[in-house]
């Protein structure tokens, strides 16, 4: 019975992670982050990392495998989103110091 539980766990982990990959590839290719909410993606990435920690503490390798992969992918997208919403540092014109 234990082997059936492990098989179901790995199958579930594979399906959820594999389903996530095309969206990540599309986002990396197009660089279109307009449909991604920073708040939601931050919470999602945090949740994935918590599941990874849970899996490690429980020794649940399907949970560890799925969330390690999904965590890396979601973290990449999250960094892209953070960079896209941060104001760009444009060179500010220097004040004319000759006018004293």
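The values are calculated or read from the model by the stated rules, or taken from the named source; none is laboratory data. Only a predicted model underlies this, so the values are computations on that prediction, with no experimental measurement involved. Note: ideal-geometry Cβ built from the backbone for every residue, glycine included; neighbour counts use all protein chains shown.
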Boolean, residue 40 is outside any loop (DSSP other than H, G, I, E, B), under 12 Å from the mean Cα position of the chain (by Cα) and either within 17 Å of residue 70 (Cα to Cα) or at pLDDT 90 or above (or both) | yes
Take the residues of the stretch 10-22 that are closer than 23 Å to residue 82 by Cα and modelled with pLDDT of 90 or more: which is surrounded by the fewest Cβ atoms within 10 Å (Cβ to Cβ)?
-> 22
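Residue by residue, here is whether (1) closer than 17 Å to residue 81 by Cα; (2) loosely packed, with under 10 Cβ neighbours inside 10 Å holds:
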site	(1), (2)
3	no, yes
8	no, no
26	yes, no
29	yes, yes
33	yes, no
37	yes, no
42	yes, no
58	no, no
62	no, no
Restricting the search to the stretch 1-32, which residues are within 21 Å of residue 72 (Cβ to Cβ), in a helix (DSSP H, G or I) and either in contact with a strand residue (DSSP E or B) (Cβ under 9 Å, 6 or more places away or on another chain) or in contact (Cβ under 8 Å) with a residue 12 or more places away in the chain (or both)?
-> 9, 10, 12, 13, 14, 16, 17, 20, 21, 24, 27, 28
